[in-house]
Amino acid sequence: MERDDSLRLTSKLVDSLYTEAMLLADEARAYFDRHGREDREGLDPIVRVGFSCESLKVTTRLMHIIAWLLTQRAVHAGELTPVQARTPARRLGDAQESDPALLGQLPKAALAIVTASQELYARVQRLEESSDATPHPSPARGLLSRLERSF
């Protein structure tokens, strides 16, 4: 059976996802801490509480993603083995689901950030769950290692 190399967890993919997660985290922080305050003030009290909860869920999702990606970077750098990376403490943390009824009441900007964090989390979760999620060492690092052993 052939392997689907499109699911390979390469260093380039990890770096790309890490950049995406960090940009989204910065966008979420800017919105929820500053720009979203005006949006939040215009909401019904119960929706305002839900808005705050969604802010925390976004932050939690992104921190789980970033932590998992940093673990994958450590594997690629040779600081952790793939087996160490699969310990429960280093797995992608659980993220609470959002209430669809609440999401329909959020301002568009908040909804866009929540949705983006959910989609990124789902992509990273699929990578972790895939049978080919074992990080593959960089071919360049392998060549350098062989050269070092030769000399």
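General remarks:
- Computed from the Kirkwood radius of its Cα pairs, the Stokes-Einstein diffusion coefficient for the range 8-150 at 25 °C and 0.890 mPa s stands at 147 µm²/s.
- Chain lengthening between V83 and A101 when straightened (0.36 nm per residue, less Cα-Cα): 2.4 nm
- The packing ranking, built from the mean of other Cβ atoms within 10 Å per residue, places the peptides 90-103, 67-80, 10-23 in the order 67-80, 10-23, 90-103, highest first.
- Per-residue HN-Hα couplings for the range 102-108 [Karplus 6.51, -1.76, 1.60; θ = phi - 60°; Hz; x = Gly/Pro]: 5, 4, x, 9, 7, x, 4
Quick note: the coordinates plus some simple rules give every number you see, no bench work behind them. Values in this document were obtained by computation on a predicted structure and should not be read as measured data. FYI the Cβ positions are ideal-geometry reconstructions off the backbone, even for glycines, and counts take in every protein chain you see.
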